[in-house]
Amino acid sequence: MVFGFNTDVKHGDTIYHVQSEARESELLLQTQVFVRGRCIGKKAVSYAVAAAQPQFSDAQKEQQLREQHRQVLDSIREGKLESILDRAEPETLAHVKQLDLQWLNAESVHANQNLTMQLRVTEDGAAASGARLTLRFSRVDAAPFYTQATTDAGGGAEIKIDVDEPALADASVLVQANFEGRTATRKFLLKRIE
């Protein structure tokens, strides 16, 4: 299974968040580019022909996704992002259902020695009931912590981690939602609100 790749890259005064994942139900390798939380473009490449070959492996799929991710990063660094994104995106991706992952309580997550994240998963705007969430909590000088949850009928889930507030400095949370063969991955950086 390919978990996906997430990278922040700066060009000029803009920070781009690049997210790549294998959309296995559509046999697509998809890379999305975000600026300030808004998707500004995508690159999607079908691997259906390769997947039909008996020797095609998850390692090959991961390598193709890694290379696509690197190409998008390089295009941003070179100031040529527009040249690599899909031009005919509505036609190319019209059949792909979009899975979205939202962090609902981003302004208030730490209280009583707990980090509490309220998350919601939707598919084309409708609640994704029964989506599996995998959370990876990372901080400096400590091993990552993993936990899982499943969304309720409204597509919501709450994840709680016991952690002291000082440990949140320079911490990040990576959350992956899995729903009916589709995935969405988001990386959230934690910071103290003064």
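The values are calculated or read from the model by the stated rules, or taken from the named source; none is laboratory data. Bear in mind the structure is a predicted one, so any value in this text is a computation, not a measurement. Ideal geometry is used to build each Cβ from the backbone, glycine not excepted, and the neighbour counts take in all protein chains shown.
Among (1) modelled with pLDDT under 90; (2) in contact with a strand residue (DSSP E or B) (Cβ under 9 Å, 6 or more places away or on another chain); (3) assigned to a helix (DSSP H, G or I), there is one condition ARG66 misses while meeting the rest; what is its number? Of (1) modelled with pLDDT under 90; (2) in contact with a strand residue (DSSP E or B) (Cβ under 9 Å, 6 or more places away or on another chain); (3) assigned to a helix (DSSP H, G or I), only one is false for ARG66: (1). What are the residues in the range 126-149 that are within 17 Å of the chain's Cα centre (by Cα) and either in a strand (DSSP E or B) or not hydrophobic (A, V, I, L, M, F, W, C) (or both), if any? Of everything in the range 126-149, those that are within 17 Å of the chain's Cα centre (by Cα) and either in a strand (DSSP E or B) or not hydrophobic (A, V, I, L, M, F, W, C) (or both) turn out to be ARG132, LEU133, THR134, LEU135, ARG136, PHE137, SER138, TYR146, THR147, GLN148, ALA149. If you take the residues in the range 25-41 that are modelled with pLDDT of 85 or more and not polar (S, T, N, Q), which one is surrounded by the most Cβ atoms within 10 Å (Cβ to Cβ)? It comes out as LEU29. If you go through the range 20-47 and keep only what is in a loop (DSSP other than H, G, I, E, B), in contact with a helix residue (DSSP H, G or I) (Cβ under 7 Å, 6 or more places away or on another chain) and at negative phi, you end up with just TYR47. Per this entry, GLU82 is counted among residues that are modelled with pLDDT under 85 and either at negative phi or of a type in the set (A, V, I, L, M, F, W, C) (or both).
Only residues that are within 18 Å of THR183 (Cα to Cα) and surrounded by 13 or more Cβ atoms within 10 Å (Cβ to Cβ) were counted across the range 131-146, and they come to 6. Out of everything in the range 168-194 that is over 16 Å from ALA106 (Cβ atoms) and surrounded by fewer than 17 Cβ atoms within 10 Å (Cβ to Cβ), what residue ends up being modelled with the highest pLDDT? Of everything passing the filter in the range 168-194, GLU180 is modelled with the highest pLDDT.
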